[in-house]
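A short worksheet on the structure shown next.
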Amino acid sequence: MRIVYATTEAIPFARTGGLGDVCGSLPNTVSALGHDVSIFMPAFRQIHQAGISIESTDLSFTIQMRKGISVGCRLLKSHLPGSGVTIWFIDQPKYFDRDQLYGDKRGDYPDNAERFTFFCRAILKAIQRLQLQPDIIHCNDWQTGLLPGLIRHDPDLRNDYENTATVMTIHNLAYQGQFPSRNFEYTGIGWEHFSPDAFEFFGSLNFLKAGVISADTITTVSPQYAKEITSSKHGCGLESVLQGSTDRMRGIINGIDELIWNPATDSLIPANYDHSNWRLGKTQNKGFLQNEFKLDPVSELPMIGLVGRLADQKGWDLILPVIRWHLNEGRPTQWIVLGSGDPALEKELRMLAKQFPSQIAVHIGFSDRHAHLIEAAADLFLMPSHYEPCGLNQLYSLRYGTVPIVNPTGGLADTVTDTTEETINDGTATGFHLQHPDPRSLDEAIGRALELRYHYPEAWSNIVVRGMNQDWTWRRSADLYIECYEETQIQDNKPRISS
Ligand code: ADP
């Protein structure tokens with residue numbers, strides 16, 4: 001099959017979160033399984049800092065964004081490291097040569113609707129110019145949500161795309177790309193298409209809704225999240241649209257990139273280890289981390305790690321009270337936190353680190369090296385997210401023998417099995433679930449984990465080793481995506497029924 005990925009993030013070129021990990025890894029694996037794969041993403045300023053050569057091409061064209069106003073772009077070209085997958089960059093400095101991808105301190109960039117409408121239209125034009133004739137265009141998140149709608153409704157595209165099917169993946173439903181209706185003008189198609197069965201959502205232009213309504217198949221990044229987003233609690237207002245689409249929707253868990261996340265070969269950690277010598281390896285890494293962050297150099301102290309965005313979603317309202325209890329009461333635990341985001345949370349964490357410097361270390365910022373070091377050094381990893389479409393850090397934790405404590409929602413429920421008498425006996429336990437999403441339950445789960453670690457070392461070792469040996473690689477998920485593409489593609493040159 002010929003498969004095109006449309007995305008705004010792909011490691012190592014640009015990433016703000018899990019989307020970048022997925023779109024830098026899945027295409028490589030799908031290509032290695034024998035498919036013809038290419039990627040389109042914006043030529044953000046960040047792509048030039050990846051240390052990978054990017055060529056200019058002589059392919060350029062313009063898009064008419066408003067009456068009398070055309071915007072040009074040129075295609076740049078490179079390859080994903082580790083494979084021959086071509087990555088095309090849509091280069092238009094006015095839209096994409098900026099400090100950040102989506103916004104700055106003041107909030108989202110005010111022209112995001114224009115920027116990403118341009119991106120979707122430019123991808124479709126570039127595919128025509130390159131004569132790629134894809135079987136599948138796989139769109140990712142709201143920034144590419146208009147694309148399936150444009151294929152269905154733009155008369156200039158119909159012929160060229162009648163044999164192309166679309167897959168729309170929701171990586172996080174909370175981000176939908178909803179804008180005032182006047183922005184619909186940038187799509188270049190008639191206002192008769194600005195209706196609830198396409199682009200309109202209660203009077204606004206909603207990119208993700210357009211993708212959900214128009215795509216041939218919708219996927220999201222875990223089976224549990226696929227169920228949850230049809231409820232009013234997790235549907236972020238789109239639940240009724242999603243309820244009407246369940247026959248086209250499936251959940252596929254993300255994978256982890258074994259070249260990047262493998263404790264036996266990881267070049268970002270001081271001591272490599274595997275399931276046979278994890279105690280020694282993790283103890284050495286802990287010593288290194290304690291030294292670097294000037295924490296008490298006591299190897300027996302349990303180290304509790306946290307890595308992630310400092311955003312409400314991740315459950316900081318549960319985490320902070322628990323950290324305070326441990327520190328104020330002088331409990332024998334050590335904490336290491338890496339993250340950035342909400343300035344109020346950053347400030348609070350910095351203050352705790354200043355007040356209890358031997359017990360908690362905080363690194364505010366984005367640092368791959370520290371993310372790897374924390375996974376390799378910590379004993380426990382906390383992810384009490386209020387919702388979690390898939391989550392990657394709990395998968396890295398399992399792989400690194402760092403037992404995850406999670407709120408069982410979305411992908412966290414699908415990937416971490418709670419430790420109970422039953423799951424210890426049947427050999428399936430890999431972590432700990434919160435009974436309720438509140439600080440008391442988080443503290444109780446930490447208590448259960450520490451009791452097992454210190455009083456039942458053999459059972460603890462089984463849990464660690466079981467997690468390390470599980471297969472959460474992309475190979476497994478890529479097989480499921482390929483199955484999804486095969487079921488979605490337009491068979492026997494029979495065009496889809498146009499809505
Ligand atoms: P989300 O996509 O909601 O942010 P995920 O767990 O799916 O959460 O993916 C987050 C990814 O970003 C992981 O690879 C994680 O290690 C990484 N990450 C998040 N914050 C940081 C940080 N401050 N420094 C380094 N890596 C980070």
Task: Gyration tensor verdict on the range 373-461 (Cα atoms; rounded if a/c is under 1.5, prolate if a/b is larger than b/c, oblate otherwise) - done: rounded
Open item on the list: Can you give the FRET efficiency to the nearest 0.05 for residue 129 and residue 480, using r as the Cβ-Cβ distance and R₀ = 56 Å?
Closed with: 0.95
- [ ] Run down the lysines and flag those whose C-alpha is under 17 Å from the C-alpha of residue 286, throwing out any fewer than 8 positions away in its chain.
- [x] 294
- [ ] Quick one: angle between helix 457-469 and the longest Cα principal axis of the chain, in degrees between 0 and 90, rounded to 10, please.
- [x] 20
Open item on the list: Quick check: residue separation of residue 265 and residue 292 times 0.36 nm, minus the Cα distance between them. What number comes out in nm?
Closed with: 7.6 nm
TODO: On a 0 to 90° scale, report how tilted helix 278-293 is relative to the longest principal axis of the chain, with both axes built from alpha carbons and the result rounded to the nearest 10.
DONE: 80
- [ ] Report the normalised scattering of the chain as log10 I(q)/I(0) at q = 0.11, 0.12 Å⁻¹, calculated by the Debye formula with identical scatterers on the alpha carbons.
- [x] -0.93, -1.09
Open item on the list: How large a share of the accessible area of the range 328-479, in percent, is made up of carbon and sulfur atoms when the probe is 1.4 Å and the other protein chains stay in place?
Closed with: 50
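Among the lysines in the range 57-139, how many pairs, 8 or more places apart or on different chains, have alpha carbons under 24 Å apart?
So the count of such lysine pairs works out to 6.
Tell me whether the range 84-223 comes out rounded, prolate or oblate; compute the Cα gyration tensor, take square roots of the eigenvalues as a ≥ b ≥ c, and use a/c under 1.5 as the rounded threshold.
rounded
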- [ ] Per residue, how big is the convex hull around the C-alpha atoms of the range 278-471? Give it to me in cubic angstrom, could you?
- [x] 107
Task: Packing-based ranking, highest mean first, of 55-68, 364-377, 404-417, 457-470 given that Cβ atoms within 10 Å are counted - done: 404-417, 364-377, 457-470, 55-68
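So if I place +1 on the C-beta of Lys and Arg and -1 on the C-beta of Asp and Glu, and nothing else carries charge, what would the dipole magnitude of the range 278-471 be about its Cα centre? I want it in debye, nearest 20.
700
Give the carbon-plus-sulfur fraction of the accessible surface of the range 1-142 in %, rounded to a whole number; probe 1.4 Å, heavy atoms of protein chains only.
Ligands and nucleic acids excluded, carbon and sulfur reach 43 percent.
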Open item on the list: Looking at the chain only, what percent of DSSP beta bridges run antiparallel? Nearest 5 please.
Closed with: 30
Open item on the list: Once you place label points 7 Å from the Cα toward the Cβ at residue 491 and residue 204, how far apart are they in nm?
Closed with: 4.0
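Kindly report the accessible area of the chain per residue (heavy atoms of protein chains, probe 1.4 Å, no ligands, DNA or RNA), in Å².
On the way: 20320 Å² over 499 residues.
Per residue, the chain has an accessible area of 41 Å².
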Task: Top positive-direction residue, dipole computed over the chain with Cβ charges, set 401, 179, 327 - done: 179
- [ ] Give the relative contact order (percent, whole number) for the chain; include only Cα pairs under 8 Å separated by 6+ residues.
- [x] 13
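Helix-only mean residue ellipticity at 222 nm, the chain, DSSP H runs n ≥ 4 weighted -39,500 (n - 2.57), per residue, nearest 500. What is it?
Theoretical 222 nm ellipticity from helices: -11000 deg cm²/dmol.
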Open item on the list: Check which residues have an amide H placed less than 5 Å from residue 140's amide H, if you skip close sequence neighbours.
Closed with: 6, 169
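Could you work out how much longer the chain between residue 279 and residue 444 gets when fully extended? Use 0.36 nm per residue separation minus the Cα distance between them, nm to one decimal.
The residue 279-residue 444 span can extend by a further 56.9 nm.
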Open item on the list: Apply the Karplus curve 6.51 cos²θ - 1.76 cosθ + 1.60, θ = phi - 60°, to the phi angles in the range 131-142 and return the couplings in whole Hz, x for Gly and Pro.
Closed with: 6, 6, 6, x, 6, 9, 10, 9, 9, 10, 6, 4
Open item on the list: Accessible area of the range 149-248 with a 1.4 Å probe: how many percent of it is carbon plus sulfur?
Closed with: 48
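The values are calculated or read from the model by the stated rules, or taken from the named source; none is laboratory data. Nothing here was measured: the structure is a model prediction, and the numbers come from that model. Here the Cβ is made from the backbone with ideal geometry for all residues, glycine too, and neighbour counts use every protein chain on show. Please note that ligands, DNA and RNA were not included when accessible areas were found on the heavy atoms of the full protein model with its side chains. Shrake-Rupley method; radii C 1.70, N 1.55, O 1.52, S 1.80 Å.
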